[in-house]
Amino acid sequence: QVELLESGGGLVQPGGSLSLTCTAPERTFSTMGWFRQAPGLEREFVAAFRKNGGYTSYADSVKGRFTISRDNAKNTVYLQMNNMKPDDTGVYYCAAGNRLILSSIRRQDAYDYWGQGTQVTVSS
């Protein structure tokens, strides 16, 4: 079994920044990414990074504001969140998997392992 370890959540004012970190200590995954879930809403895709080719994907709502990066040697993925908005509030979940096809990279059911979630709150 694999446990994904998340850190970096917290409270930030609109326009501020936060950085999230997720580490898979037991195994290397071909694709790691982030989803989020606001209260009362479905979990939604945020960003993902595929090791092979360095492919990245972003939700339209965060493109240009969030940046995903990866340290393959440490099997760690980061999410730098800038110019944050209240709509960014939610629980952020790290996700990881292998053998994902490109067309499924935004689908939560394509990932095999999940972190427990870290709360991100954007409020003045």
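The values are calculated or read from the model by the stated rules, or taken from the named source; none is laboratory data. Worth saying up front: this structure is predicted, and the values here are computed from it rather than measured. Here the Cβ is made from the backbone with ideal geometry for all residues, glycine too, and neighbour counts use every protein chain on show. Just so you know, the surface numbers come from the protein's heavy atoms only, side chains and all, with ligands and any DNA or RNA stripped out. Shrake-Rupley method; radii C 1.70, N 1.55, O 1.52, S 1.80 Å.
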Label-to-label distance, nm, for residues given as residue 56 and residue 30 (7 Å Cα→Cβ offset): 2.1
Length-normalised contact order of the chain in % [C-alpha pairs under 8 Å, at least 6 apart]: 36
Relative frequency of Cα-Cα separations exceeding 16 Å in the chain, percent: 57
Computed lengthening from residue 42 to residue 123, 0.36 nm per intervening residue step minus Cα-Cα distance: 27.1 nm
The chain, dipole about Cα centre (Lys/Arg Cβ +1, Asp/Glu Cβ -1), debye to the nearest 20: 360
Those lysines that a straight Cα-Cα span of less than 24 Å connects to residue 63, excepting residues fewer than 8 apart in one chain: 51, 85
From phi via Karplus (6.51, -1.76, 1.60), per-residue ³J(HN,Hα) for region 28-38 in Hz, x at Gly/Pro: 8, 10, 6, 9, 10, x, 9, 10, 9, 9, 7
Apportionment of accessible area to carbon and sulfur, region 17-86, percent (1.4 Å): 46
Pair residue 109, residue 3: separation of 7 Å Cα→Cβ label points (nm): 2.9
For the chain, accessible area per residue (1.4 Å probe, heavy atoms of protein chains only), Å²: 53
Of 116, 102, 84, farthest towards positive along the dipole that unit charges on Lys, Arg, Asp, Glu beta carbons give region 78-124: 102
